[in-house]
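Worksheet: one structure, shown below.
What follows is calculated from the coordinates using simple rules that are stated; it is not laboratory data. This one's a predicted model, so the numbers in the text were calculated from it and none came from an experiment. Cβ atoms come from the backbone with ideal geometry, glycine included; neighbour counts cover every protein chain shown.
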Amino acid sequence: MNKLLFIPIKEISREIYGGTVRPSEICKASIKLTSIVKPLNSYINVTNDVAGEQANSADERQQRNSLLGQLDGIPIAIKDNYCVKDKLTTCASRMLANFSPGYNATVYEKLRTQGVVLIGKTNLDEFAMGSGTVDSFYGPTKNLWSSEVLSQFYSYGSDDSQVTTRKFHEKDTWRIAGGSSGGSAVAVATGTCCAALGSDTGGSTRNPASYCGLIGLKPTYGLVSRYGLIPLLNSMDVPGILTRTVDDAVLILNAIAGPDQADPTSVQREYVPINLSETIDISNLRIGIPKEYGVQGISEEIAKCWEKVSCLLKEAGASVVPVSLPHTDYSIVCYSVLNRCDVASNMACYDGVEYGHRANEWSSIHELYKKTRSEGFNNVVKDRILVGNYFLLAENYEKYYVKAMKMRRLIAQDFDVLWNSNVDLLLTPTTLTEAPRYDEFIQLDNQTQCLIQDHCTQPANMAGLPAINVPIKLSCNKLPLSLQLMAPLFHEQRLLTVAKWIEQTVRFPRLELKNSCLLE
Ligand code: GLN
């Protein structure tokens with residue numbers, strides 16, 4: 001079982017179809033592993049009851065030879081900002097600490113009907129506002145790669161010699177998981193599930209994927225339904241996918257993509273499932289290296305990785321060309337404005353009357369709103385609401401919101417110019433460094449960190465483009481270093497093909513559970 005939890009979904013499915021393992025056995029092992037890695041705080045709620053029922057149903061289907069496909073019996077996790085019927089859906093906020101929705105998010109409903117087993121709901125920055133999973137009502141999530149849990153329970157896969165197990169010293173402080181989908185990333189990295197859903201508005205899926213050594217896919221805006229994903233910035237939110245391999249990400253994407261009547265912003269055209277071949281030829285591709293992504297603050301190791309992968313692509317026959325996206329530097333500033341305007345509006349419904357936290361205050365409805373909202377939200381959310389309302393004042397609207405929207409168009413046009421000049425893909429860093437130390441990360445406030453953390457990821461959300469994080473190698477500190485690929489709208493097939501080529505070429509080290517950590 002120790003090995004089984006880390007192999008690709010297709011192979012686990014083969015075992016299930018072959019009858020060598022029962023979904024309920026996999027489920028039991030996954031749940032046991034969640035308690036072993038509990039110190040990392042990746043789950044807000046482990047959903048034992050749902051998981052047990054779903055695994056038993058999968059067992060029955062296995063017995064009757066009526067399995068539903070490759071996802072039947074596969075353990076997954078979901079970020080706690082997706083609605084799951086009658087299950088706590090907290091957004092890592094006191095405001096929703098006791099909230100259970102009456103319906104399922106479309107993405108979960110689609111996965112459920114294909115037989116997945118829901119292991120739990122994962123930790124995040126409150127309402128997905130952040131880039132570290134350090135601003136959660138339930139406490140921060142720790143990165144597996146920098147914790148004692150790694151040296152105690154995990155080893156590197158036998159096929160890789162570039163690493164030796166990291167030694168821990170008293171003075172070692174733990175690293176952040178990245179965010180805001182840090183809980184989902186750690187849930188996958190630790191092997192408690194094969195895949196997890198994150199959300200990505202400015203980088204929240206790709207950032208933790210980068211710091212945790214995972215594939216992190218942000219699909220084209222509108223390709224995957226947002227129904228049941230509690231909104232942050234409606235015109236940029238997309239469900240994200242975190243997995244250990246590109247093939248696993250493809251399986252999940254194929255399961256959740258496609259039009260949805262319940263989400264008017266989902267693209268109303270039939271989804272053609274992606275199918276990647278094992279032998280990949282990249283020799284006819286033109287890959288752009290945008291100079292604006294080589295910013296100050298980029299670590300020497302990331303810069304070297306970027307150069308190294310560019311060389312590998314060139315050696316394989318691709319043409320790798322320097323390009324420019326001149327409005328990149330304005331992207332994150334405009335995002336801050338647009339984000340706060342949407343936050344001011346989206347958070348207005350949390351008033352203590354209909355659902356969510358309600359303060360013990362009976363003097364007047366006004367006082368009830370005031371006390372409920374000041375108790376329910378953390379300072380990051382409160383800040384964003386206040387600033388958003390300021391931007392939306394009649395006298396400021398043109399100056400901030402409209403101006404940011406105009407700039408958004410220019411940023412999207414920068415990409416169009418490249419795609420129209422035959423650039424097929426872009427290669428950039430995802431994050432500027434390896435995972436930062438927690439104590440150093442929290443020296444800067446949430447907003448300042450977002451400016452740094454989201455620099456490379458956020459422009460894809462501005463333009464709605466698909467983008468993916470691909471882990472490349474371990475740093476001197478034995479922490480994951482990653483890069484990002486971006487593609488034109490709806491070119492997931494091309495994006496994932498090249499991601500798979502990089503994956504096959506760089507062979508990022510795979511983790512396994514040590515034999516001493518027996519899961520039966
Ligand atoms: N860090 C960004 C923010 O806090 C993006 C978050 C996200 O993608 N959900 O707004």
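Going out from 0 in 20 Å bins, what whole percent of all Cα-Cα distances in the chain drops into each bin?
24, 59, 17, 0
For residue 84, what charge total do you get from the other residues with a beta carbon under 11 Å from its beta carbon, if Lys and Arg give +1 and Asp and Glu give -1? Present the calculation step by step, with values, prior to reporting the outcome.
Values: positive: 79, 85, 87, 112, 121; negative: 80, 86, 109.
Cβ neighbours under 11 Å give a net charge of +2.
For the range 467-511, rounded, prolate or oblate, judged on the Cα gyration tensor with a ≥ b ≥ c (square roots of eigenvalues), a/c < 1.5 rounded, else prolate if a/b > b/c?
Prolate.
Determine the gain in length on full extension of the stretch residue 17-residue 514; use 0.36 nm per residue of separation and subtract their C-alpha separation, reporting nm with one decimal.
Working: separation 497, 0.36 × 497 = 178.92 nm, distance 2.64 nm.
Answer, rounded to one decimal: 176.3 nm.
Give the Cα extents of the range 325-404 along the principal axes, in whole Å, largest first.
54, 24, 18
R0 = 56 Å: FRET efficiency of residue 364 with residue 507, Cβ-based, nearest 0.05? Write down the numbers at each step before the final one.
On the way: r = 64 Å, r/R0 = 1.14.
Efficiency for this residue pair is about 0.30.
I'm a student and want to see the number: the projected area of the Cα convex hull of the range 229-274, averaged over all directions, in nm².
Working: hull surface 15.4 nm².
It is 3.9 nm².
Taking the Cβ of residue 379 as the center, what net charge do the other residues with Cβ under 11 Å away carry, scoring Lys and Arg +1 and Asp and Glu -1? Mind showing how you got there, number by number?
On the way: positive: 382, 384; negative: 126, 135, 383, 445.
With Lys, Arg at +1 and Asp, Glu at -1, the neighbours total -2.
Normalising by the residue count of the range 1-111, find the relative contact order in percent from Cα pairs under 8 Å and 6+ residues apart. All intermediate terms of the calculation are to be shown ahead of the outcome.
Working: 113 pairs, mean separation 25.0, N = 111.
Across the range 1-111, relative contact order equals 23 percent.
Greater than 19 Å separation of Cα atoms is the criterion. Which listed pairs, 314/500; 79/514; 38/473; 3/32; 3/28, meet it? Let's see the in-between values first.
Numbers: 314/500 16 Å; 79/514 27 Å; 38/473 26 Å; 3/32 15 Å; 3/28 15 Å.
Distance filter (> 19 Å) returns 79/514; 38/473.
Ranking 366, 455, 491, 357 by Cβ neighbours within 10 Å, fewest first, what do you get? Don't jump to the answer; show the numbers that get you there.
Details: 366 9, 455 24, 491 17, 357 20.
So the ranking, lowest neighbour count to highest, is 366, 491, 357, 455.
For the chain, give the magnitude of the charge dipole about the Cα centre (Cβ charges: +1 Lys/Arg, -1 Asp/Glu; no others), in debye to the nearest 20. Before the final figure, lay out the partial values.
Numbers: 51 positive and 55 negative charges, 58 e Å.
With only Lys, Arg, Asp and Glu charged at Cβ, the dipole is about 280 debye.
Can you pull out the chymotrypsin sites (Phe, Trp or Tyr not before Pro) in the range 311-409 that DSSP calls coil and that have at most 14 other Cβ atoms within 10 Å? Provide the component values of the computation, followed by the final result.
Values: sites: 330, 335, 350, 355, 362, 369, 377, 390, 391, 397, 400, 401; in loops: 350, 355, 362, 377, 397.
When the chymotrypsin sites (Phe, Trp or Tyr not before Pro) of the range 311-409 are filtered for loop state and at most 14 Cβ neighbours within 10 Å, 362, 397 remain.
So for 345, 30, fewest C-beta neighbours within 10 Å to most, what's the order?
Ascending number of Cβ neighbours within 10 Å: 345, 30.
What per residue convex hull volume, in Å³, comes out for the range 271-370 when only alpha-carbon positions are used?
250
Tell me, rounded to the nearest percent, the portion of alpha carbon pairs in the range 299-358 spaced more than 18 Å apart.
Numbers: 1195 of 1770 pairs.
More than 18 Å apart: 68 percent of the Cα pairs in the range 299-358.
Order of 504-514, 203-213, 277-287 by packing, highest average Cβ count within 10 Å first?
Details: 504-514: 16.8, 203-213: 34.9, 277-287: 12.8.
Output ranking for 504-514, 203-213, 277-287: 203-213, 504-514, 277-287.
With the cut-off at 1.5 for a/c, could you classify the range 216-299 from its C-alpha gyration tensor as rounded, prolate or oblate?
oblate
Which net charge results for the neighbourhood of residue 418, defined as the other residues with beta-carbon distances under 10 angstrom from its beta-carbon, given Lys and Arg at +1 and Asp and Glu at -1? Numbers along the way, then the final one.
On the way: positive: 286; negative: 414, 416, 424.
Here the charged neighbours net out to -2.
What is the diffusion coefficient of the range 367-422 in µm²/s, taking the Kirkwood radius over Cα pairs and the Stokes-Einstein relation at 10 °C with a viscosity of 1.306 mPa s?
113
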